[in-house]
Structure formats: C-alpha cells, structure tokens
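Here's the structure we're looking at; comments come further down.
The values are calculated or read from the model by the stated rules, or taken from the named source; none is laboratory data. What you are looking at is a predicted structure, and each value in this text was computed from that prediction instead of being measured. In this analysis, Cβ positions are derived from the backbone assuming ideal geometry, glycine residues included, and neighbour counts consider all displayed protein chains.
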C-alpha cells in the first residue's frame, strides 16, 4: 500500500449539489486531494456556489460553478459538455443533490411525488447517462452517489418515508450501474451517512431547531414533547448512534476521496456506511 494511491492529482471531478453543507464538504475534500472540481446546483443567485469554486481555486485547483436543474436532460447534457470542454474531462462524478418533502408518504400528492423523484432519483439517472459515455471511452472513472441510512432501513421518522424510498432507489441504481459499467473499468459506489453535524432534521425535532449546538453536547428534550416525539428525537439523533455523535464534513470527505481514488480500485457496487455505527 502507498499513500499515493489516495491522491487525486490530475483528476477532474464534478460534484452535483456542491453549493453548501455536505456537498460543499465533498467538493473541497476532492480538491484538497488534488482534483480539479466543477460544482453545480440549481441555485446560483445567492453566490454560495461561486464561493465554493473560489475556495477550490484558492487551493491551486481549477474549478467551475455552473447552475443546473438536474431533473432536465438538456441541462444535464449541457453541464457535462461544459465541464469536459473547460476542465478536459470527467474522472469523478459525485451525486449529492437532494431535496426533502416534509409530508409523510401517505400525505404526498402526485405533484409532490414528481418533484421529489425528479431530483432525488431521475436527476441521478440523468447524470449517470450523460457521464457514462465519457468514462467508457477513456475506460476509467469513479461514480459516487449519496444514499442514506434511510435508503437501507425503514426510517424511524415516518415523515421521512418518501425520502427513504428514493434513497433506496439510489442504492439499487448504484449496484445496477456497477454491473453495466464495470467492464469498462468504471466503478460505481455510494456513501450512506446517518447524521452529519450540519444536518437539520425534517422531523421537526429539538435538534433541528438548535443547529448550532455541538454534536457531542448533552441534549435535553423540551417538556412539551409527547412520548412519540421524544422517541423520534432519540431515534434520529446522535444518541442513537454507537459513536454518540454526528459526522463532520471532513469525515464524510475522507470516504469520498477513498472511493474516488485508486485506493479503492477493486471496490465497486458497494454502499459505504459512514454512519457512526447506525447500521450495526
């Protein structure tokens, strides 16, 4: 083994959903490991996507900030073409974009369902479809998808059931594409987090309303919560994890660098649980 296997020097990466939070952390981590990184998001106006690109360039890497609605094939195709033209190729595709619906699965209507699946499932499929021909031609590549603990196990918070279903789809998409693309030396893997230190929980629990508290701080439950709400808060919070805390951005980025690099050259079709022991 050599540490050089973890280097991404000379690689070109595209991070979909890289404007903030975990997506930003992944983008900066890939850049720190040596890759040039293009970032994309549907929101460009607030300047945060460009700020990520600026941070990457400050590391001495090349970067692009491109607005894209990944639910639209024409925009995904345009995105990929621009990255190839300006960075010279795509060696790493990282799908991080996500959207939530706070309605429970039984309360969703057809419009809600289409909005949810267009980003969380169709969008991932479109990026695979657009990038695969490029990677097949160069006979190399690493695709990393973001699934979730909710994609591997029914979510304790029933309001997250719709999210769990689409993330389960991402997990299976990962496994199927590994079989399609493996003969071309293209690896397809996924990362399944549990809690990350920025995360705000759509369940409406206490931790969502106190995002500035450290993950290792003792947390108390507001007296007005029902017993069910207390259970949901515990079962979705850091106390439910064997490590007893949420993950940091750096810990998540380390997993992405491993899967993107030659250090994982014989790893494909895997769902890497970076979850503090949640699935144990």
Point to revise | Qualifying residue in region 16-35 (condition: surrounded by 22 or more Cβ atoms within 10 Å (Cβ to Cβ) and over 23 Å from residue 197 (Cα atoms)) | key: yes
Practice item. Provide a single number: the residues in region 39-71 that are part of a loop (DSSP other than H, G, I, E, B) and either crowded, with 17+ Cβ neighbours inside 10 Å or in contact with a helix residue (DSSP H, G or I) (Cβ under 8 Å, 6 or more places away or on another chain) (or both). Key: 10
Exercise for review: Go through region 176-220 and give me each residue that's within 21 Å of residue 278 (Cα to Cα) and modelled with pLDDT of 50 or more.
Suggested key: 189, 190, 191, 192, 193, 194, 195, 196, 197, 198
**Study point:** Options 82, 137: the member that is over 18 Å from residue 169 (Cβ atoms) and surrounded by fewer than 15 Cβ atoms within 10 Å (Cβ to Cβ)
**Key:** 137
Review point. Of (1) over 25 Å from residue 249 (Cβ atoms); (2) surrounded by fewer than 16 Cβ atoms within 10 Å (Cβ to Cβ); (3) in contact (Cβ under 8 Å) with a residue 40 or more places away in the chain, residue 111 satisfies all except one. Which?
Key: (3)
Exercise for review: Could you tell me whether any residue of region 46-67 is under 20 Å from residue 146 (Cβ atoms) and in contact (Cβ under 8 Å) with a residue 40 or more places away in the chain?
Suggested key: no
Check your understanding: Taking the stated definitions as given, is residue 244 part of a loop (DSSP other than H, G, I, E, B), in contact with a helix residue (DSSP H, G or I) (Cβ under 8 Å, 6 or more places away or on another chain), closer than 30 Å to residue 104 by Cβ and modelled with pLDDT of 85 or more?
Key -> yes
Review point. If you go through region 20-38 one residue at a time, do you hit one that is in a loop (DSSP other than H, G, I, E, B), within 28 Å of residue 140 (Cα to Cα) and over 21 Å from the mean Cα position of the chain (by Cα)?
Key: no
Practice item. Enumerate the pairs (first residue in region 166-184 and closer than 17 Å to residue 136 by Cβ; second residue anywhere and surrounded by fewer than 18 Cβ atoms within 10 Å (Cβ to Cβ) and at pLDDT 95 or above) with beta-carbon separation below 6 Å, excluding pairs fewer than 6 apart on the same chain, so at least 6 apart or on different chains. Key: 178/269; 184/136; 184/139
